[in-house]
1. When the accessible area of the chain is split by element with a 1.4 Å probe, what percent falls to carbon and sulfur?
2. Please give every one of the aspartates and glutamates within straight-line cross-link reach of K389, meaning a C-alpha to C-alpha distance under 15 Å, and leave out same-chain neighbours fewer than 8 residues apart.
3. Rounded to the nearest Å, what's the spacing between the alpha carbon centres of the stretch 352-382 and the stretch 65-115? Just the number, please.
4. Based on the alpha-carbon gyration tensor of the stretch 14-164 and its eigenvalue square roots a ≥ b ≥ c, which shape applies: rounded if a/c is under 1.5, prolate if not and a/b is larger than b/c, or oblate?
5. Extent of the stretch 208-259 along each principal axis, from alpha carbon coordinates, in Å, largest to smallest?
6. Let me check I have the definition right: for the chain, take the eigenvalues of the Cα gyration tensor, multiply each by 5, take square roots. What are those semi-axes in whole Å, largest first?
7. Per residue, how much accessible surface does the chain expose to a 1.4 Å probe? Answer in Å², no decimals.
8. Given that compact globular proteins tend to follow 2.2 N^0.38 Å, what is the ratio of the alpha-carbon Rg of the stretch 313-472 to that value?
Amino acid sequence: MKNFLPVLALCACFAAEATAQSFAPAGWADDLKLAETADRNPDPKIVEIDLVAKLADVTVDGKTVHAWTYNGGLPGPLIKTRVGDRLIVHFKNELDEPTTVHWHGVRVPIEMDGVPEISQPEVKKGESFTYDFVVRDAGLYWYHPHVMSAAQVGFGLYGALLVEDPADGVGVDDQLTLVLSDIGFDAKGKLEPGDSGGSAGMVFGREGDYVLANGRRRPALRARPGAPQRWRIVNAAKSRFFYLDLDGQPFTVIGTDGGLQEKPVTTDILLVTPGERVDVIVSPKGKAGTPLALRAMLYNRGYGSVEYRAVEDVLTIEFTKEAPITAKPVTITRALEPPSTEGATPVDVVLTLPPMKDNKSEFQVNGVPFWKAKPYLAKLGEKQLWIVKNDSDWDHPFHLHGFFFQVIDEKGRPVRPLALKDTVNVPMKTTMRLLVTFDERPGEWMFHCHILDHADGGLMGTVLVGDVTPSGHVHGKR
Ligand code: C2O
Ligand code: CU
């Protein structure tokens with residue numbers, strides 16, 4: 001299914017950039033427009049914004065839904081910065097419940113990581129907190145709460161943070177940030193409760209019935225046939241996997257969680273698990289009058305998750321009558337050093353789901369759920385090889401806060417193309433090896449399954465990096 005495009009020298013990218021031009025018709029992506037935050041700081045190196053968590057009525061598929069929102073919209077506003085900028089976020093909680101903001105994938109200092117009891121106090125109703133950090137790495141990131149995460153994300157609290165590198169050389173002008181998610185609500189627009197289905201709901205991972213792209217159900221975009229578009233996609237659903245198909249037309253993956261990857265890879269079906277991001281070039285082909293659907297296909301992430309689901313249209317592409325364009329092959333590369341596992345400390349992480357006890361299920365890491373776990377340990381600058389063994393019958397998108405890792409194969413070689421990840425799917429009954437170097441930022445950092453119901457169900461832990469005191473985090477839910 002996957003075939004590799006030839007690697008081309010970096011100079012090819014500049015050539016591509018020089019010829020970049022827009023092919024999309026005016027208003028081509030109006031249906032998918034994300035609200036953007038207003039930067040109130042005149043300094044070009046500082047982006048300073050306001051973010052308010054509050055209840056708001058939003059329209060989904062023509063129905064009014066009483067959602068939990070950032071700044072009143074679903075999803076939250078797109079925050080746009082350039083790599084190296086300082087981002088200051090004046091956050092206010094106008095919800096009735098406590099919350100925080102976690103900056104998924106961003107190498108923040110621990111004080112800005114948004115985990116209650118570990119990195120900051122909860123932001124209670126009516127309170128404020130200022131997040132202030134430098135965005136060190138280009139890429140698409142996202143933000144969401146870390147208090148009752150499964151419920152709060154499911155209710156609508158998530159948004160994208162785009163860190164652009166104007167010199168990335170991708171050279172495709174027509175760009176889209178796509179926040180994929182889902183939401184569940186009843187006929188009155190009341191949200192599906194975060195604990196629906198009890199323990200079984202937790203184990204399955206709750207999916208909302210309405211699949212959304214940028215907060216809308218089946219939005220349409222317009223395109224000139226064959227013209228290249230760059231889509232930066234984040235899966236912000238709390239449990240749903242997006243297994244994307246464009247009627248078999250290829251996706252050229254140029255990057256993932258931590259920005260561009262070593263070289264492009266072409267695939268005709270694209271898996272994006274909760275928390276992950278992909279940066280792809282597509283050049284959809286078709287005729288005026290015959291729309292092309294981007295579909296979410298069925299993916300078996302555990303028994304039942306195929307049988308009870310349907311294929312969903314995520315968005316549709318309508319073609320103009322213009323003559324088709326033949327897009328040039330994508331050649332963008334990134335010079336990443338192949339990492340070596342030499343000297344890496346091996347760390348075992350075994351994920352299990354023991355049989356139910358007293359009608360309750362809990363996920364465990366090395367034999368204990370989060371509330372009984374002791375932190376893992378790492379020194380500043382230490383390289384570790386996390387051997388994540390999934391012994392359960394469910395896939396788990398494994399996420400580490402604050403640091404990128406690289407995936408290593410069973411022979412100890414880095415998986416190509418090289419890419420920086422912070423979330424990776426560990427399919428059921430398989431083992432993934434993740435090489436991470438804990439850099440100069442001390443703190444107690446979380447790791448967990450990004451099926452947020454699984455995280456709530458015990459599949460979480462922390463790693464103490466550097467000489468820091470553990471928080472003794474045994475109470476509370478994240
Ligand atoms: Cu995106 Cu701890 O999470
Ligand atoms: Cu999981």
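1. 53
2. D348, D409, E410
3. Cα centroid to Cα centroid, the span is 28 Å.
4. oblate
5. 33, 28, 19
6. 32, 26, 23
7. 40
8. 1.28
The values are calculated or read from the model by the stated rules, or taken from the named source; none is laboratory data. Here the structure is a predicted model, which is why all the values come from computation and not from measurement. Here Cβ is always computed from backbone atoms with ideal geometry, including for glycine, and neighbour counts include all displayed protein chains. In case anyone asks, the SASA skips ligands and DNA or RNA and just uses the protein heavy atoms, side chains included. Shrake-Rupley method; radii C 1.70, N 1.55, O 1.52, S 1.80 Å.
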